[in-house]
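Mind having a look at this structure? Questions to follow.
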There are 2 protein chains.
Amino acid sequence: MNSAANREIHLAERPQGWPTEDTFRLVTTDVPTPGPGQVVVRNTFMSVDPYMRGRMNDVESYAPPYALDAPLDGGAVGEVVASKADGFASGDTVLHGLGWREYALLDAAAVQKVDPALAPASTYLGVLGMTGLTAYAGLLEVAKMQPGETVFVSGAAGAVGSVVGQIAKLRGAGRVVGSAGSPAKVERLRALGFDAAFDYHDGPVGELLRSAAPDGIDVYFDNVGSEHLEAAIGAMRPNGRAALCGMIAQYNTPEPPAAPRNLAMLIGKRLTLRGFLVADYWHLIEQFVPEVGGWLRDGKLSYDETIVDGIENAPAAFLGLLRGENLGKMLVRV
Amino acid sequence: MNSAANREIHLAERPQGWPTEDTFRLVTTDVPTPGPGQVVVRNTFMSVDPYMRGRMNDVESYAPPYALDAPLDGGAVGEVVASKADGFASGDTVLHGLGWREYALLDAAAVQKVDPALAPASTYLGVLGMTGLTAYAGLLEVAKMQPGETVFVSGAAGAVGSVVGQIAKLRGAGRVVGSAGSPAKVERLRALGFDAAFDYHDGPVGELLRSAAPDGIDVYFDNVGSEHLEAAIGAMRPNGRAALCGMIAQYNTPEPPAAPRNLAMLIGKRLTLRGFLVADYWHLIEQFVPEVGGWLRDGKLSYDETIVDGIENAPAAFLGLLRGENLGKMLVRV
């Protein structure tokens, strides 16, 4: 880290299909100075997340598109190095939304103090942060999982999926099945307590799911979309619910995929597909932190982190995430 | 009607794709005699409904498949002509599930008396029966329409769709849009009080819907599926809900259609797609009959019937229904 300069990652061009290294540009600027009511944070960890791919398109969505030739943003944690804001002092560990840079200038209202003694700072970007809350809200509020039910999670070795499966077990699911993209990930899912897991490269997803959940599923937590969603609809028992969290299978395809072709089953089986954004569930944070924090403290819930070092390697970390090279939460140590 | 013989329609073969006249066989049997606790009903009207197409396939679904070389069944009203059951006398008008025949033999528990003085007997198969309850439950319970919202109904000139649109207006929808398959049907929708209506043959459904609801829609009542569903997802505002009632566009295609390709929008817009069966909503009948019966009595709600005469023409009526030749409820006067 260079204390005299601030390095940040800009969006150099809007990707068509898969982003590449050319999508990004490393830019060196001055370290900012805080104005009244502001703090400067030296980031220690930043998050790369699949939703960021959507923001690289010039399409109005729930989050505004990233601007060209300006720094990207996203979840980060760091240490306050300069403060002109009441209540913040140098040395405070904080969570905020200006990742993709070494130093962030923020209004105090956009910064949240976290306790690094309670849990490592990086977990506030993962299992104790947006990632964990996404898993918790999607499984329990959107899909309304009930004890005894069978749950299927796609992308189950990812940051969200691995927490979904574990919360399902801790909340009394009868059977939890996960899909992932490599034998090592499948192995990891079994170690995390999934009752069954499969590598989706090993055959049609519908057949793999039928073997893993021969009596069908009640809840599907979708991180993948496409063939996985079609398979889940096919396997659902009456009154099944799918929480749609992500469709990473189609983020980089210029033409959307045709699946699922079996939506008519939604009627006969009275199924519900429901898309959600974690932003609508921040009110759950008060019950989420003690419950999930308790499981972490008691060693009942594990989490994986894949850490890439250096802000200059953030683009590579993001591309690796889209290719599924991470186990658990993908982070950049700035 | 021949009083010495009972004519009924059997399933002669399972259709591949579109059914034809060869799918059916007219069979003459004896008029049944009631045993203890039974009644014999001379049917006056029978219903033909899109869901019957699914029961012609040899596939377990929410309703069992029709048996080959046996009479079809479905909603019917008629007059008791012989009774060995307490509480039923010759001349009573009753509703039951053994249509597709001139005379039906039923246990008393499978028969429900209706009041032909309150409303014409045929309405108990339509607006005051399963059809009307489907519209009511789907719009208000499944899609949870709120006053001021914009509602889109496909197949809007059909028995269910025309009632959905009118209930939406009566319950305070801000704007109601319907699609139908002919200029005459579109005209009829305008007369029924729809704010906008279009013939889906006039262009891509997505474009027609954007013109009819330029500010988007909140609720979609789906009778059609396929391109209509894709268009509705595209037009939905945040937190939109679709009640999936039927997908008549694909009942007769051996290969399911590929649409909709835009399911990823369910996430960013937080949309819900929910399939339903009216059978799960019979408990609403107590509030449905007085509310909808009141609107009928006060002339606030209109209904259309397309009536075909003669049990021998029931197959033609059913085929005409699948081709959309009906305005409102398709009935056979037996």
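The values are calculated or read from the model by the stated rules, or taken from the named source; none is laboratory data. Everything quoted here is computed from the prediction, not taken from an experiment. Glycine also receives a Cβ, built like all others from the backbone with ideal geometry; neighbour counts cover every protein chain displayed. Please note that ligands, DNA and RNA were not included when accessible areas were found on the heavy atoms of the full protein model with its side chains. Shrake-Rupley method; radii C 1.70, N 1.55, O 1.52, S 1.80 Å.
Here are some conditions: (1) more than 8 Å from chain B (Cβ to nearest Cβ); (2) out of contact with any strand residue (DSSP E or B) (no Cβ under 6 Å at 6 or more places or on another chain). Residue A:309 meets all but one. Which one does it not meet?
Only one criterion in (1) more than 8 Å from chain B (Cβ to nearest Cβ); (2) out of contact with any strand residue (DSSP E or B) (no Cβ under 6 Å at 6 or more places or on another chain) is unmet by residue A:309, namely (2).
Yes or no, residue by residue, for (1) at negative phi; (2) in contact with a strand residue (DSSP E or B) (Cβ under 6 Å, 6 or more places away or on another chain); (3) within 8 Å of chain B (Cβ to nearest Cβ); (4) not hydrophobic (A, V, I, L, M, F, W, C):
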site	(1), (2), (3), (4)
A:235	yes, yes, no, no
A:247	yes, no, yes, no
A:260	yes, no, yes, yes
A:268	yes, no, yes, yes
A:274	yes, yes, yes, yes
A:278	yes, no, no, no
A:295	yes, no, no, no
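Restricting attention to the stretch B:297-320, and to residues there that are over 19 Å from residue B:138 (Cβ atoms) and hydrophobic (A, V, I, L, M, F, W, C), which single residue is surrounded by the most Cβ atoms within 10 Å (Cβ to Cβ)?
B:318
Mind listing whichever residues of the stretch A:39-75 are open to solvent by less than 10 Å² (accessible area, probe 1.4 Å), closer than 25 Å to residue A:85 by Cα and without any contact (Cβ under 8 Å) to a residue 60 or more places away in the chain?
Answer for the stretch A:39-75, where residues must be open to solvent by less than 10 Å² (accessible area, probe 1.4 Å), closer than 25 Å to residue A:85 by Cα and without any contact (Cβ under 8 Å) to a residue 60 or more places away in the chain: just A:74.
If you don't mind, there's one more thing I want to ask. Being closer than 21 Å to residue B:5 by Cα and outside any strand (DSSP E or B) is the filter here; which residues of the stretch B:93-123 pass it?
Passing the criteria: B:97, B:99, B:100, B:102.
Right, next: Search the stretch B:99-112 for residues that are assigned by TED's automatic domain parsing to the domain that holds residue B:77 and pair each with any residue that is open to solvent by 10 Å² or more (accessible area, probe 1.4 Å) and in a helix (DSSP H, G or I) when their beta-carbon atoms are under 8 Å apart and the residues are at least 6 apart or on different chains.
Pairs that qualify, where the first residue is assigned by TED's automatic domain parsing to the domain that holds residue B:77 and the partner is open to solvent by 10 Å² or more (accessible area, probe 1.4 Å) and in a helix (DSSP H, G or I): there are none.
Given the structure, is residue B:241 modelled with pLDDT of 95 or more, within 14 Å of chain A (Cβ to nearest Cβ), under 27 Å from residue A:226 (Cα atoms) and surrounded by fewer than 17 Cβ atoms within 10 Å (Cβ to Cβ)? So that I can check it myself, show each step before the final result.
Values: modelled with pLDDT of 95 or more: yes; within 14 Å of chain A (Cβ to nearest Cβ): yes; under 27 Å from residue A:226 (Cα atoms): yes; surrounded by fewer than 17 Cβ atoms within 10 Å (Cβ to Cβ): no.
When the stated conditions are applied, residue B:241 does not pass them.
Of all residues in the stretch A:145-185, count the ones that are within 20 Å of residue A:247 (Cα to Cα) and surrounded by fewer than 24 Cβ atoms within 10 Å (Cβ to Cβ).
2
Of (1) more than 20 Å from residue A:162 (Cα to Cα); (2) more than 8 Å from chain B (Cβ to nearest Cβ); (3) modelled with pLDDT of 90 or more, residue A:253 satisfies all except one. Which?
The failed condition is (3).
Consider only pairs whose beta carbons are under 7 Å apart and that are at least six residues apart or on different chains; among these, list those whose first residue lies in the stretch A:291-304 and is part of a helix (DSSP H, G or I) and whose second residue is at pLDDT 90 or above and of a type outside the set (Phe, Trp, Tyr).
Hits for this filter: A:292/A:127; A:292/A:128; A:292/A:132; A:292/A:301; A:293/A:128; A:295/A:170; A:295/A:301; A:296/A:127.
In the stretch A:15-46, how many are under 22 Å from the mean Cα position of the chain (by Cα), of a type outside the set (S, T, N, Q) and not in a strand (DSSP E or B)?
Going residue by residue through the stretch A:15-46, those that are under 22 Å from the mean Cα position of the chain (by Cα) are A:15, A:17-21, A:23-24, A:43-46.
Within this subset, residues satisfying the condition of being of a type outside the set (S, T, N, Q) are A:15, A:17-19, A:21, A:24, A:45-46.
Among the residues that remain, those that are also not in a strand (DSSP E or B) are: A:15, A:17-19, A:21.
Qualifying residue count, the stretch A:15-46: 5.
Here is a list: B:334, B:292. Which entry is under 30 Å from residue B:42 (Cβ atoms), surrounded by 19 or more Cβ atoms within 10 Å (Cβ to Cβ), out of contact with any Leu (no Cβ under 7 Å at 6 or more places or on another chain) and hydrophobic (A, V, I, L, M, F, W, C)?
B:334 is the lone residue from the list that is under 30 Å from residue B:42 (Cβ atoms), surrounded by 19 or more Cβ atoms within 10 Å (Cβ to Cβ), out of contact with any Leu (no Cβ under 7 Å at 6 or more places or on another chain) and hydrophobic (A, V, I, L, M, F, W, C).
Out of all the residues in the stretch A:138-160, is one or more outside the structural domain of residue A:47 (by TED's automatic domain parsing) and under 30 Å from residue A:80 (Cβ atoms)? Steps first, please.
Going residue by residue through the stretch A:138-160, those that are outside the structural domain of residue A:47 (by TED's automatic domain parsing) are A:138-160.
Remaining after also requiring under 30 Å from residue A:80 (Cβ atoms): A:159-160.
Taking every residue of the stretch A:138-160 in turn, at least one turns out to be outside the structural domain of residue A:47 (by TED's automatic domain parsing) and under 30 Å from residue A:80 (Cβ atoms).
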